[in-house]
């Protein structure tokens, strides 16, 4: 019982902190005028170094994944289409809308994964999965149009990057399972972030004179990298190992809720009734997917 409570607490805390990291990123971009590309680059570089250091400190062989051509190619694919893309598209969505909208749209990723698996395996879609796909589509429709199909309440750019973020998150979740099983989570995620930051280094578009740097900005960046990435990631891994993936997925729904609430309270973002309804529909799809997964596990 104590183990379950510890696992639940770890996952819930990580979800809330992840939600707050999006709000923190929005605050940094609004106050410092740094671009999403540059902030992504810095976040990846520092987070990658921290995660690799944690892995090394825990005795993991962090350089093994770099020693063979096959594993290195797989790592680079994960880096480009997973770690780098998911972080960049997420911040691009925030830049064009807000942290709450970006987080909710990224939460479409579980539905994308199960829909893709059903298509690839050519299996009949179960009732719960079909319901999850339907509710996520309804939620997206409400979030984007507020129920009026002739108008959009967010920009086309925000919608594009938000959907792209969801697809990138789906790839980020599904692709690296073999790499992680062989080399460990911290080395794979750490290297992917560090290399991703180096890839973005030539693409940064800011001039130092145009970026406002202050003590509060440095504290916010420290929170984004250390608390919102490294500590949060470690908490989630610990919790998921203790309570299992299905329960962790359900508890992870606290992330978009915390992001929405913090955006309203701290940043003054306006979230109307259709926005809340859309968010709840998308979040409910994750519950349905988790229930479907748990049901399959019980019947094996």
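Quick rundown of the values:
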| quantity | calculated |
| --- | --- |
| Some residue of region 9-27 being out of contact with any helix residue (DSSP H, G or I) (no Cβ under 8 Å at 6 or more places or on another chain), more than 23 Å from residue 265 (Cβ to Cβ) and either in contact (Cβ under 8 Å) with a residue 12 or more places away in the chain or not in a helix (DSSP H, G or I) (or both) | no |
| Residue in region 186-201 that is free of Cβ contacts under 8 Å to residues at least 12 places away in the same chain, in a helix (DSSP H, G or I) and in contact with a helix residue (DSSP H, G or I) (Cβ under 9 Å, 6 or more places away or on another chain) present | no |
| Residue within region 162-179 that is exposed (fewer than 14 other Cβ atoms within 10 Å of the Cβ), over 30 Å from residue 273 (Cα atoms) and in contact with a helix residue (DSSP H, G or I) (Cβ under 8 Å, 6 or more places away or on another chain) present | yes |
| Complete set of residues in region 16-33 that are crowded, with 24+ Cβ neighbours inside 10 Å and over 11 Å from residue 224 (Cβ atoms) | 19 |
| Within region 146-184, considering residues that are free of Cβ contacts under 8 Å to residues at least 60 places away in the same chain and part of a helix (DSSP H, G or I), the one nearest to residue 86 (Cα to Cα) | 167 |
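Laboratory data are not the source of any read-out in this text; all were calculated from the coordinates shown. Model, not experiment: these values are computed from the prediction. Positions of Cβ are generated from backbone atoms using ideal geometry, with glycine treated the same way; all protein chains shown enter the neighbour counts.
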